[in-house]
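Structure first, then comments.
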Amino acid sequence: MGFDFDELKKDFDALKAAKDLKEEQCEIACEDEEDQGFIELVQKWILAPVKCGVYLSRLDIKVIGLKFGEDVQVRERKRMLRDILRAVTSKEEIRELFDIINEAAEEKIAVYQELMEHFPHSKVVFEDKIAKYEDFKKVQRKIIEDFEEIEER
């Protein structure tokens, strides 16, 4: 059974073109982050590995909640995170929550780095995830600043 690499390359190029088109449409049609509420914005970033670089499971979110002092019921990740975020009342608490989230994310990033070390060809995939996590940390600072503005009002 022969394998035609030219056909595979054509299929891959077509798939990549479709992905690029979808991303371009999203940039045009997606909501602006400023129109969203605090909880929705945080959920959008934390729950989407494509945005923050790491996947936080229900167990991860449960542990984050416990460390933050909120014992949330295990259910849909979005609802669990919403329950934790509703307990945030000050900029110190949002900083504490983000520190706890970063601690969980750093553990996953350490796994990525170890995989890159043992499997050098995977470096491209994991470097992208680490870069997204760094972008997520910048968004966290912006969220804290925005939270400070709301708190001052």
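Look at Ile109 and say whether it is over 18 Å from Gln43 (Cβ atoms), assigned to a helix (DSSP H, G or I) and in contact (Cβ under 8 Å) with a residue 60 or more places away in the chain. Steps first, answer last, please.
Details: over 18 Å from Gln43 (Cβ atoms): yes; assigned to a helix (DSSP H, G or I): yes; in contact (Cβ under 8 Å) with a residue 60 or more places away in the chain: no.
For Ile109, the condition - over 18 Å from Gln43 (Cβ atoms), assigned to a helix (DSSP H, G or I) and in contact (Cβ under 8 Å) with a residue 60 or more places away in the chain - is not met.
With the requirement that a residue be surrounded by 15 or more Cβ atoms within 10 Å (Cβ to Cβ), in a helix (DSSP H, G or I) and either in contact (Cβ under 8 Å) with a residue 40 or more places away in the chain or of a type in the set (A, V, I, L, M, F, W, C) (or both), what does the stretch 59-85 give you?
Correct list: Asp60, Ile61, Val63, Ile64, Phe68, Met80, Leu81, Arg82, Ile84, Leu85.
Taking the condition more than 19 Å from the chain's Cα centre (by Cα), surrounded by fewer than 20 Cβ atoms within 10 Å (Cβ to Cβ), without any contact (Cβ under 8 Å) to a residue 40 or more places away in the chain and under 18 Å from Lys137 (Cα atoms), does Glu93 pass? Walk me through how you get there before you give the answer.
Working: more than 19 Å from the chain's Cα centre (by Cα): yes; surrounded by fewer than 20 Cβ atoms within 10 Å (Cβ to Cβ): yes; without any contact (Cβ under 8 Å) to a residue 40 or more places away in the chain: yes; under 18 Å from Lys137 (Cα atoms): yes.
The answer is yes for Glu93.
Each value in this text was obtained by applying a stated rule to the coordinates, not by laboratory testing. This is a predicted model, so every value here is computed, not measured. Ideal geometry is used to build each Cβ from the backbone, glycine not excepted, and the neighbour counts take in all protein chains shown.
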